[in-house]
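Student: I'd like to ask you about the structure that follows.
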Amino acid sequence: MAIGYAMGGAVISWLVWAIPLAGVAQLALVWIAAERAGIRLRPSRPRWTPEMKHLLIVAVPAALSVGVMQINLLVGQWVASGFPKAVSWLYNADRLYQLPLGVVGIAIGIVLLPDLSRRLKANDDAGGRAALSRAGEVALALTIPAAVALIVIPLPLVSVLFERGKTGPEDSAAMALAVAVYGLGLPAFILQKILQPVFFAREDTKSPFRYALWAMVVNGILAIALSRQIGWIAPAIATSVAAWTMVVQLLWGMQRFGDVARFDERFLSRLWRICLASVVMGAVLWLAKLVLAEFLIMDFVRYFALLALV
C-alpha cells in the first residue's frame with residue numbers, strides 16, 4: 001500500500017492486490033515455520049480414516065460457530081441498510097473494536113487451547129485452572145482499558161481517523177456512538193475467546209455451537225425489533241447484548257467441568273483492580289480530551305493530539 005501510494009494511481013487497485021498478496025506471504029511464513037518444526041506439509045490424496053471422521057465430527061460444529069458470528073454481522077448489515085449511511089458508520093466502528101479483539105482475544109485463545117489440551121491429557125487440573133486464569137487476567141488487563149477508551153473518547157478516535165473528504169462531523173458523531181456501544185461488548189467478545197477453549201480442549205464443540213445459535217437468535221430479534229424504535233444503532237446494541245449472552249451461556253456450561261474450569265482466587269482478586277484502574281484511566285482520558293479539544297479539530301495537529309491522548 002505504501003509503495004502504491006508513493007507511485008500514484010488508484011489506491012483501491014493497490015489495495016485489491018495487496019490483500020491477497022499479504023495472505024500468500026502469511027501462508028509462506030507459516031509453511032516455513034512448520035517445516036523448521038519438522039512438520040512436512042505436502043499435498044496428498046485425502047483418505048477416509050477413523051481419525052479423519054473424528055476430526056470432522058469435532059471440527060464441523062466449531063466451524064459453524066464461527067459461521068454464526070458471520071450471520072450476526074450479515075443481519076446487522078441488512079438492518080442497517082434500511083438507514084442512510086448506517087452501513088458505513090457501523091462498518092468503520094466495527095473496524096475499531098475488531099483491533100483489540102484480533103490482537104488480544106484471538107491470539108490468547110490460540111495459545112490457550114493447546115496448553116489446556118496438554119494439561120487435560122496429563123490430568124494436571126491445577127495447571128489447567130492456572131492457565132485459564134492467567135490467560136483471563138492478561139486478556140482483561142488489556143481489554144477492559146481498551147473498552148473504556150472506546151466508550152470515553154470515541155469521537156476523537158473516529159474524527160481523526162475517518163473525518164475527511166465526504167465524511168463530515170455528522171458522520172463522526174454517528175460512528176462515535178457506534179464505537180461506544182461496541183466498546184460495551186468488547187470484554188464479552190474477548191471472554192468468548194478465553195472460555196471456548198475450555199470446551200474445545202475436551203473435544204466438546206457442540207455446546208459452544210448451541211450457545212452461538214441462541215446468541216444469534218438474540219441478536220436477530222433485538223436488531224430487528226429495536227431498529228423500529230431507535231433506528232440504525234440497533235444492530236450495534238444487538239451485537240453487544242448477544243456477545244454477553246454468549247458469555248453467560250459459556251460460564252453456565254463450564255460449571256459441569258468442576259473447579260478446573262473456573263477462575264481462581266487470584267484472578268478474582270485482580271479483576272476488581274483492573275476495573276478500578278480502568279475507571280481511573282477513563283477519568284484521565286476524559287479530562288485530557290477536554291484539554292486537547294481545540295487541537296483535535298485542527299488539520300495535521302489533530303494527529304499528534306490524538307497520539308498524546310492515547
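The values are calculated or read from the model by the stated rules, or taken from the named source; none is laboratory data. Keep in mind it's a predicted model, so treat the numbers as computed, not measured. Cβ placement follows ideal geometry from the backbone for every residue including glycine, while neighbour counts extend to all protein chains displayed.
Student: Would you call G102 free of Cβ contacts under 8 Å to residues at least 24 places away in the same chain, in a helix (DSSP H, G or I) and within 30 Å of R134 (Cα to Cα)?
Tutor: So G102 fits the description; yes.
Student: What are the residues in the stretch 47-67 that are over 23 Å from the mean Cα position of the chain (by Cα) and touching a residue at least 12 places away in the same chain (Cβ under 8 Å), if any?
Tutor: Within the stretch 47-67, V58 is the sole residue that qualifies.
Student: Might you let me know whether the stretch 17-38 holds any residue that is among the acidic types (D, E), more than 30 Å from T239 (Cα to Cα) and at pLDDT below 85?
Tutor: There is no residue in the stretch 17-38 that is among the acidic types (D, E), more than 30 Å from T239 (Cα to Cα) and at pLDDT below 85.
Student: May I pose another question? Which count do you get for residues in the stretch 251-267 that are modelled with pLDDT under 90, crowded, with 17+ Cβ neighbours inside 10 Å and more than 20 Å from E137 (Cα to Cα)?
Tutor: 1
Student: Of the residues A223, A139, A173, only one is farther than 23 Å from L113 by Cα, crowded, with 18+ Cβ neighbours inside 10 Å and either in the same structural domain as L287 (by TED's automatic domain parsing) or modelled with pLDDT under 90 (or both); which? First the steps, then the outcome.
Tutor: Values: A139 fails: farther than 23 Å from L113 by Cα; A173 fails: crowded, with 18+ Cβ neighbours inside 10 Å.
Matching residue, one of A223, A139, A173: A223.
Student: Then there's this: Looking at (1) more than 22 Å from the chain's Cα centre (by Cα); (2) crowded, with 20+ Cβ neighbours inside 10 Å; (3) closer than 21 Å to G105 by Cβ, which is the only condition R270 fails?
Tutor: Condition (2) is where R270 drops out.
Student: Here's another thing I want to ask about it. Please tell me if T239 is surrounded by 22 or more Cβ atoms within 10 Å (Cβ to Cβ) and in contact with a helix residue (DSSP H, G or I) (Cβ under 9 Å, 6 or more places away or on another chain).
Tutor: On the way: surrounded by 22 or more Cβ atoms within 10 Å (Cβ to Cβ): yes; in contact with a helix residue (DSSP H, G or I) (Cβ under 9 Å, 6 or more places away or on another chain): yes.
So T239 fits the description; yes.
Student: Answer yes if at least one residue in the stretch 69-80 is assigned to a helix (DSSP H, G or I), surrounded by fewer than 14 Cβ atoms within 10 Å (Cβ to Cβ) and touching a Leu at 6+ places or on another chain (Cβ under 6 Å), and no otherwise.
Tutor: No: the stretch 69-80 contains no residue that is assigned to a helix (DSSP H, G or I), surrounded by fewer than 14 Cβ atoms within 10 Å (Cβ to Cβ) and touching a Leu at 6+ places or on another chain (Cβ under 6 Å).
Student: Could we say that A107 is touching a residue at least 12 places away in the same chain (Cβ under 8 Å), in the same structural domain as V280 (by TED's automatic domain parsing) and in a helix (DSSP H, G or I) here?
Tutor: Details: touching a residue at least 12 places away in the same chain (Cβ under 8 Å): no; in the same structural domain as V280 (by TED's automatic domain parsing): yes; in a helix (DSSP H, G or I): yes.
No.
Student: Six or more apart or on different chains, Cβ under 6 Å: which pairs go from a residue in the stretch 144-168 that's in contact (Cβ under 8 Å) with a residue 24 or more places away in the chain to one that's polar (S, T, N, Q) and part of a helix (DSSP H, G or I)? Could you list them?
Tutor: Listed by first residue and then by second, the contacts come to I144/S278; P145/S278; V148/S278; V158/S172; S159/S172; F162/N92.
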